[in-house]
Each structure stands twice: as structure tokens, then as C-alpha cells.
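Please read the structure below before turning to the comments.
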Amino acid sequence: MYIAQAYKSLYQPWRYLLGVVVVFIASQLGSIPFIIAIFMKQSASGGSMFELSEEADMFSVLDSNSTLFFMLLSFAIGLAALLLWVKYVHKQSFVSLTTARSKIDWSRVMFGFLLIGLTTTVLTVLDYYGNPDDYVLQFDAKLFAILALIAIVFIPLQTSMEEYLFRGYLMQGIGIMAKNRWLPLLVTSFVFGGLHFFNPEVEKLGNIVMVYYIGTGLFLGIITLMDQGMELALGFHAGNNLIAALLVTADWTVFQTNSIFLDVSEPAAGFDVLVPVLVIYPIFLAIMAYKYKWKDWSGRLFGEVPPPPERDPIDYL
């Protein structure tokens, strides 16, 4: 099973607790280049960092492509720190952190990517033609090309960092400590959703949007446990964020990019916030379950994690 892959590593609780701290510090250090770039831009224009009293002010200093690059850079550094920690401190292989299979199934990654990517594209195009007044075509070939380069390279790193931390590292770590599967599923889902609480979408739409973030974390956790690996979640998360960055942006979203369309509609937190969680995600689950012949839902989501195999004490040094 997937969670039990952690038994192939050094899995004492202190390694996981310290690992989370290391990844957090690395991610914060990864934001230093962003601060330096803002400082240099402010200094060049005769301004001061003290003029930027709010976080929103900082994100408006640089152009949107540069801001996106520096935002994503911290995730890339966090991912590097996590993978290095897993390799050298836990002595765990990249494959066993990713999947219970003998090797990573890249076709699953691609399926997850295409499932959400095509769905989002089709729904956006339909909404564009159904509600044309809600969109402004802002396509600029040069700016979009730069955006595409940054997004294609760095957004998968950003989403992979989140997936390897939550659906990988913490799912396995909490699972072997709790000896069950439901607790890591719930904890990682709520923490994942909670970290999005400071996104501008929450301020604009209200706390109801947290249902979407927590529900998304729950969905990604379910497909990871049911499929015995992270491949579907890796592809799905990357496809969701990449298409969102390239296709449509708004002046109140976390990703404000030189995308093809600008959404100028007045945002409102209504039933549409619940549609992905209550309608679309269950459909995606049904599609994946049918394609990959998932069985034993109760066991894979709520069953116990088997005890660790007997090991030589020297393995824990």
C-alpha cells in the first residue's frame, strides 16, 4: 500500500517534524530574491520599501510575469529542500515517496493533467460565449509567450511541492504514526485548505470559498489513496493551476497573469463555489475509478496501516 512505502525509509517522527520545519524555512528563503527585486525596483524609482504597507502593494511593484516568477521560485526551492531531506535524512527513494508501484506511471500523470485541463478549457470557452460581457480578450503574444515559458516550467514545480509535501510526505508520515488512513487524509486536506486562507480569493469571496480549497485537498487525497500513488494528483494539480494561469485571470485572484482572457465579472460566492466539490469532483472520481478499476474503497480510505517490518536496530541510526 502507498502509506506503507514510508517503511522503506527511516521514519522516526522527529525526522518528519524537523523536515516540515526545514521545508518551511527553505520556502521562506526562496522568497528573498523577490524582496530584493522589489527593493531594487523601488530604489530605482526613488521609492522606499516602507511605502509598501500591505502585501498587495508588494505584488504590484513588478510586472505580472516577474511577480509570478518570483512567487513560484520559492516553491521550487521548497521542493528541492523536501526532496533532498527525504533522500538524505529519511533515506527514501523518490519512487517510494511518489507511488506504491515499482516505477512512476507517467501515463497517470498525463491523464490527471488532461482530465482537468480539457474540462476547464471547455467550460471556460462555453462560459465565454454564453457570457461575453464577463470577459475581456487581453492576449499579447510577447507577454503571453513569456508567461507560458514561466508557467510551463515553474507551475508544475509549485504544484509538485504542494503534492509531495501533503499527499506524499505528510500523508505517509502521519499515516504510519497514526496507523490508519483516514487521519492523514483529513489532516492533510484541512491543512492544505487552511494554507489558502490568505489567498485574495478568500478576502473577495468570503470564507465559503474554503469549502473549495479543503474539498480540493480531500479530492486529491482520495485519489492518492485509492490509486496507491500520487501520479493522478500530480497531473491534476499541475493541469488545474497551469490552465488557470494561461487561460483566465482576474484582478482579485492569487495568479494575476498576462493570460488570454481577463474576467471582469463581479465575483460572488454562490452555489458555483460548491459545484466543483459537490458535482465535478465526484464525476472525476467516477471516471478515474472506472478507468483504473478501483476497489475496496472502505479499506483504502479508512483501513489500518500495517505495522512496520522487523528491522535491524542499526537501520535507525
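Read the figures in this text as sums done on the coordinates, not as results from a lab. Worth saying up front: this structure is predicted, and the values here are computed from it rather than measured. Note that each Cβ is placed from the backbone with ideal geometry, even for glycine, and that neighbours are counted across all protein chains shown.
Using only side-chain charges placed at the Cβ, +1 for Lys and Arg and -1 for Asp and Glu, the dipole size of the chain relative to its Cα centre rounds to 1580 debye. Residues in the stretch 240-247 carry Karplus couplings, in order, of 4, 6, 5, 5, 4, 6, 8, 8 Hz; the curve used is 6.51 cos²θ - 1.76 cosθ + 1.60 with θ = phi - 60°, and Gly or Pro positions show x.
Each Lys or Arg adds one and each Asp or Glu subtracts one; over the other residues with Cβ under 10 Å from the Cβ of D134, this totals -4.
Net charge near R300: determine it from the other residues with C-beta under 10 Å of the C-beta of R300, scoring Lys and Arg +1 and Asp and Glu -1.
0
Specify whether the C-alpha gyration tensor of the stretch 128-183 places it in the rounded, prolate or oblate class, a ≥ b ≥ c being the square roots of the eigenvalues: rounded for a/c under 1.5, otherwise prolate if a/b is larger than b/c and oblate if not.
oblate
Of all the options G78, G239, G299, the one that moves most in a Gaussian network model of the chain with Cα springs shorter than 10 angstrom is G299.
Label zone (L18, point 7 Å along Cα-to-C-beta; backbone nitrogen cut-off 20 Å) within the stretch 162-198: 165, 169-177. Of the candidates L218, L195, L232, which one comes out as most mobile in a Gaussian network treatment of the chain with C-alpha springs shorter than 10 Å? Of L218, L195, L232, the most mobile in the Gaussian network model is L195. Each of Y292 and S60 was given a label point 7 Å from its Cα along the Cα-to-Cβ line. The distance between the two points is 4.4 nm.
By how many nm would the segment from L183 to V279 lengthen if fully extended, with 0.36 nm per residue of separation less the alpha-carbon distance?
Length gained between L183 and V279: 32.1 nm.
Only the Cβ atoms of Lys and Arg (+1) and of Asp and Glu (-1) were treated as charged; on that basis the dipole of the stretch 1-129 about its Cα centre amounts to roughly 1040 debye. Here the 3J(HN,Hα) profile of the stretch 256-264, calculated from phi with Karplus coefficients 6.51, -1.76 and 1.60 at θ = phi - 60°, is 9, 10, 7, 6, 5, 10, 10, 7, 10 Hz, Gly and Pro shown as x. Choose one of I25, A178, A151: the residue whose Cα lies farthest towards the positive end of the charge dipole of the chain (beta-carbon charges +1 Lys, Arg; -1 Asp, Glu; about the Cα centre). Farthest along the dipole direction, towards plus: A178. In this simple spin-label approximation, F39 and T119 carry label points 7 Å from Cα along the Cα→Cβ vector, and these lie 4.4 nm apart. Once backbone amide H atoms are built at 1.01 Å from N, F261 has Q138, V248, T249 as its partners under 5 Å, excluding neighbours fewer than 5 places away on the same chain.
To the nearest 20 Debye, how big is the dipole of the stretch 100-189 about its Cα centre, given +1 on the beta carbon of each Lys and Arg and -1 on that of each Asp and Glu?
Numbers: 7 positive and 7 negative charges, 148 e Å.
Taking the Cα centre of the stretch 100-189 as origin, the dipole is about 700 debye.
Out of L220, L195, V136, whose Cα points farthest toward the positive end of the dipole of the stretch 3-305 (charges: +1 Lys, Arg; -1 Asp, Glu; placed on Cβ)? Checked the options; the winner is L220. Over 22 Å apart at the Cα level, from the set K103/K293; K8/K103; K103/K291; K91/K295; K91/K291, are K91/K295; K91/K291. Which of rounded, prolate, oblate describes the chain, given a ≥ b ≥ c as roots of the alpha-carbon gyration tensor eigenvalues and a/c under 1.5 marking rounded, otherwise prolate only if a/b is larger than b/c? The shape class here is oblate.
Given an 8 Å cut-off on Cα distances and at least 6 residues of separation, report the relative contact order of the stretch 3-305 as a percent. It rounds to 25 percent for the stretch 3-305.
Calculated [222 nm] ellipticity per residue, helices only, for the chain: -19500 deg cm²/dmol; basis is -39500 (n - 2.57) per DSSP H run with n ≥ 4, divided by all residues, nearest 500.
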